[in-house]
Every structure is written in structure tokens, then in C-alpha cells.
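K.L.:
Dropping a structure here in C-alpha cells format, bear with me for questions.
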Amino acid sequence: MSIRILLFFQEISNPILDKMFIFITNLGSEAFYLMFISYIYWCINKKFGIKLFSVLTISIYSNNLLKVIIHTGRPFLYSKIQTPYIQSAPGYSFPSGHTQGATTFWYYIMKKIRKKIIYIIGWIVIILVGFSRLYLRVHWPIDVVGGLILGILIVWLFQSILNYFKKFDSNLIKVELITMLVFMHFFAITESNVKILALLSGTLLGSFLETKYVNFEEYNSFLNQLVKYLIGLLSILLIRSLFFKMLPMNIYFVYLGHFILGICLTLVVPLLFVILGLSRKKG
């Protein structure tokens, strides 16, 4: 049945639909999330940006881990099935990372903002991203369903744990996050998860230091927000380019590079905004 569904999409495939669904599938890419969450952190709400980034990285981490454990082959490994976008499908198949990421990202935003338009946009993107993975023949239908369910489950667990610790002491949330990060490091069995953990660790440390020593104001005029965002993105691209060209490509330096990138996202770039007069300090 699953093969028949994918072969049907292969039969109706054409260059126009291919380009359309490649664009849609990239709405579930890590680059898209990084750009979107950076905007939220720099220009809208720091705390919300950090929580959204945390739940998304935890979801991506769990997805990578499950893929290695379950070990399901991609559809295009079968002789009858071909894909026009193989570069979006490294590694194993179950569960769908794009679908799980899109579900985690948009479902968390839906749960926090609770506006009809956000629900509509969120579910449309989630469904389209999942559908695009089938059209492109890079996932089995069960992979997409599994990614959807896991994305919802991770958001629910993440928010439930945060709400539980809020009843006691806000410092417990910090202890919980540190404990969770240490625990996750023991199971970072793929290079992707090493990068994710390094980025999350650096981002959380940078956020803590930013709140204590910089404490920049997110809001500003439309023009300043636009300039802030563009400068922030260019700074991150420059830092990333320099570090990953300078550092040796072994796993320790890969970790170090992503850790520093996380600190730059939440500490160095906001400090640059304050120095340039694009943001002011709170209080």
C-alpha cells in the first residue's frame, strides 16, 4: 500500500510540482527554523524564542536518535522509486524529521499564542510539509504519521515538565535544563546530535549571560528591527563561515564551533545591537 502511494506521486510528478514541493519541504528545514527563531529572539520575545528553540532542538535530537535505533530504509532505496530531492534525505527514514520538526515548531507556537490565524497557518504548513515528504518520495507514509505524533507528544511533555517545575522555584527550571543537557550528551551518537547539543548548550549559556550582563530590549521601530535582523543574520553567517573554515573538522572542534555559534546568537549579536544603538538595555 505504501509503495503504491509513492508510485502514484511518482507518476504525477513533473518539474513544476517538484519545485513547488521542494520549496514547501524546506519550510521544515533547520535553516528556516534558525532564521525564524533568531527573529523571535532578537525582535519579539527572548524568553519565547529560547523556549521554542529548546523544544525544537530536543525534538530534532530525539528524531535523529530514533532513526538510528529503528533503522528504516528510505523509499528511494527500492528500485521502482525515485526522488527529485535526495539531498534532503540523509540517513534513515522513520520518523520523518521534517514533519516532526514542523509539528513541534508550529504546535508549540499554536499552544502559546492561541489565535485562530496561527492555528490555520500552523496546520496548513504541518500538513503541506508532511505531504511534500511523500510527494518527493523520501519517506514512507508511516514516517510522516510518526513524525506528526511525536512532534505533538514532545511539545506536550516539554510544556508539562516546565509547568511542573514552575510550581516550586524558577531556579529548578535551570537545574532541570542543565541535567537534561548533561544526560542528552551521553546519547549523542550521531554527528547531527553533537551539533544540536552544542548549539543548544551555547544558546542557553549565551541567553543566561545576556540576561545578566546585557539585557537588551527586543522592541524597536520597524526600520530598526529590519536593520537589526539583517545585521544579526549577516553576523551569524560571517562568524559561522570564519569558524568552520578555521577549525579542524574533527568531532571536538565541530562541537566547539556550534557551541560558540550558539553563544553568538544569544549574547554576542544582542551586545552588538546595543553597541550600535539598535537596541537599548532594559531597566
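K.L.:
Take the alpha carbon gyration tensor of the range 112-155, find the square roots of its eigenvalues, order them as a ≥ b ≥ c, and report rounded if a/c is under 1.5; if not, report prolate when a/b exceeds b/c, else oblate.
P.N.:
Oblate shape, in that a/c is at least 1.5 and b/c is the bigger or equal ratio.
K.L.:
Just to be sure I understand the model, the point goes 7 Å from the Cα along the line to the Cβ. What's the resulting GLU11 to ILE121 distance in nm?
P.N.:
Placing both labels 7 Å along Cα→Cβ, they lie 3.8 nm apart.
K.L.:
Here's a follow-up. With θ set to phi - 60°, apply the Karplus curve 6.51 cos²θ - 1.76 cosθ + 1.60 along the range 29-34 and write out the HN-Hα couplings as whole Hz, x wherever there is a Gly or Pro.
P.N.:
8, 5, 5, 4, 4, 4
K.L.:
Sticking with this one: As an exercise, identify the GluC sites (Glu not before Pro) in the range 182-249 lying in DSSP coil whose Cβ has no more than 15 other Cβ atoms within 10 Å.
P.N.:
Values: sites: GLU191, GLU210, GLU217, GLU218; in loops: GLU217, GLU218.
Passing both the DSSP loop test and the Cβ count: GLU217.
K.L.:
Where the centre of each part is set by its Cα atoms, how far does the range 1-37 sit from the range 227-255, in angstrom?
P.N.:
The two parts, judged by their Cα centres, are 28 Å apart.
K.L.:
Roughly speaking, to the nearest percent, how much of the chain's 1.4 Å accessible area is carbon and sulfur?
P.N.:
On the way: 10790 of 14960 Å².
Within the chain, the accessible surface is 72 percent carbon and sulfur.
K.L.:
I'd like the Karplus ³J(HN,Hα) series for the range 155-165: coefficients 6.51, -1.76, 1.60, θ = phi - 60°, whole numbers in Hz, and an x wherever there's a Gly or Pro.
P.N.:
4, 4, 5, 4, 5, 4, 5, 4, 5, 5, 6
K.L.:
Tabulate in residue order the Karplus-calculated ³J(HN,Hα) for the range 8-21, using 6.51 cos²θ - 1.76 cosθ + 1.60 with θ = phi - 60°, rounded to whole Hz; enter x for Gly and Pro.
P.N.:
Couplings: 4, 5, 5, 5, 8, 4, 8, x, 5, 5, 4, 5, 5, 6 Hz.
K.L.:
Here's another thing I want to ask about it. Which net charge results when you count Lys and Arg as +1 and Asp and Glu as -1 among the other residues whose beta-carbon is under 15 Å from that of ILE22? Could you put the intermediate results ahead of the total?
P.N.:
Working: positive: LYS19, ARG133, ARG137; negative: ASP18.
Net of charged neighbours comes to +2.
K.L.:
Next question. Just to be sure I understand: with springs between alpha-carbon atoms less than 10 Å apart, which residue in ILE154, ILE40, ILE251 has the highest mean-square fluctuation in the Gaussian network model of the chain?
P.N.:
Of ILE154, ILE40, ILE251, the Gaussian network model singles out ILE251 as fluctuating most.
K.L.:
Continuing with the same structure: Enumerate the amide H contacts of ARG280 below 5 Å, restricted to partners 5 or more residues apart or on another chain; note that Pro and chain-start residues carry no placed amide H.
P.N.:
Residues meeting the amide H criterion: GLU217.
K.L.:
Exposed loop sites here are trypsin sites (Lys or Arg not before Pro) in DSSP loop states with at most 12 other C-beta atoms within 10 Å. What is the longest stretch of the chain lacking them? All intermediate terms of the calculation are to be shown ahead of the outcome.
P.N.:
Values: sites that count: LYS80, ARG114, LYS115, LYS167, LYS282.
The segment 168-281 is the longest one with no such site.
K.L.:
Starting from the Cα of LYS111, draw a straight line to each of the lysines and keep only those under 21 Å, dropping any in the same chain fewer than 8 residues away.
P.N.:
Those lysines meeting the cut-off are LYS46, LYS47, LYS51, LYS166, LYS167.
The values are calculated or read from the model by the stated rules, or taken from the named source; none is laboratory data. What you see is a predicted model, and the numbers here were worked out from it, not measured in a lab. Every residue, glycine as well, gets a Cβ built from its backbone with ideal geometry; the counts of neighbours run over all protein chains shown. Surface accessibility is based on the protein's heavy atoms, side chains included, excluding ligands, DNA and RNA. Shrake-Rupley method; radii C 1.70, N 1.55, O 1.52, S 1.80 Å.
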